[in-house]
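Every read-out reported here was derived from the displayed coordinates using simple, explicitly stated rules and does not represent laboratory data. What you are looking at is a predicted structure, and each value in this text was computed from that prediction instead of being measured. Glycine also receives a Cβ, built like all others from the backbone with ideal geometry; neighbour counts cover every protein chain displayed.
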Amino acid sequence: MSIAALFSSGRIVEVILGLMLLEALVLALWHRQTGKPPAPSQFLPTLISGALLLVALRAALGGAAWPWIALCLCAALPAHLLDLWGRRRP
């Protein structure tokens with residue numbers, strides 16, 4: 001499959017989601033081995049909200065009904081708010 005076909009079909013979103021999953025696994029394993037930040041509680045809300053936005057994009061590109069797209073977008077909001085809450089300064 002060519003790069004152009006990946007983009008025109010929307011399959012590029014699935015590639016990006018796979019890379020995000022790999023990123024999460026590597027970061028979690030690295031934290032487990034070294035104890036150094038970022039801890040999963042620090043990066044998972046960011047990755048989850050981003051992944052849900054990508055799922056909404058994939059649904060839209062795939063011609064899904066608007067309620068499914070809206071559901072993905074609404075589900076991204078709590079993860080985004082949790083991310084913001086975790087970044088607040090003491």
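Quick one: net charge around L52, please, counting Lys, Arg +1 and Asp, Glu -1 for every other residue with C-beta under 15 Å from its C-beta. Net of charged neighbours comes to -1. Applying the criteria of a DSSP loop state and at most 13 other Cβ atoms within 10 Å to the trypsin sites (Lys or Arg not before Pro) of the chain yields R88. Pairs of alpha-carbon atoms within less than 8 angstrom and 6+ residues apart define the contacts here; what relative contact order does the chain have, in percent? With pairs under 8 Å counted, the relative contact order is 29 percent. Computed over the alpha-carbon pairs of the chain, the distance histogram in 10 Å steps reads 16, 36, 31, 14, 2 percent, short to long.
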